[in-house]
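Worksheet: one structure, shown below.
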Amino acid sequence: MISLIKKDMLSEKTKTILGYVPSAVFPALIFPAVLLDRSGSFVNYNDPKIIAILIAILIGFFSKKIIATILSGLIAYWFIIFLM
């Protein structure tokens, strides 16, 4: 429905608020996949996913680039799995 609305019809405040939607949806999709196991309980702190997401958060914080963040998290996860 929102895609049918012309951008001219939205106020600047509405555009600003809608600009935060991707930032709110992305963590809502990612964090349950990282923090919960298949049975729905929380994973341990030494789980490879937790370590990889911490590395990705650090890289993302310092680089401010989404591709660097995603790749660092994936590479860290694969490297940790390989070492186990």
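The values are calculated or read from the model by the stated rules, or taken from the named source; none is laboratory data. Every value quoted in this text rests on a predicted model; they were computed, and no experiment measured them. Positions of Cβ are backbone-derived with ideal geometry, glycine not excepted, and every protein chain shown enters the neighbour counts.
Quick look at the values:
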{"read-out": "Selected residue (criterion: farthest from residue 27 (Cα to Cα)) from residues of segment 39-75 that are hydroxyl-bearing (Ser, Thr, Tyr) and surrounded by 12 or more Cβ atoms within 10 Å (Cβ to Cβ)", "value": "63"}
{"read-out": "3 or more residues at pLDDT below 85: qualifying helices (runs of 4 or more DSSP H) within segment 1-82", "value": "12-19, 21-35"}
{"read-out": "Where a residue in segment 53-75 is more than 19 Å from residue 35 (Cα to Cα) and its partner, wherever it lies, is of a type in the set (D, E, K, R) and not in a helix (DSSP H, G or I), with Cβ under 7 Å and at least six apart", "value": "none"}
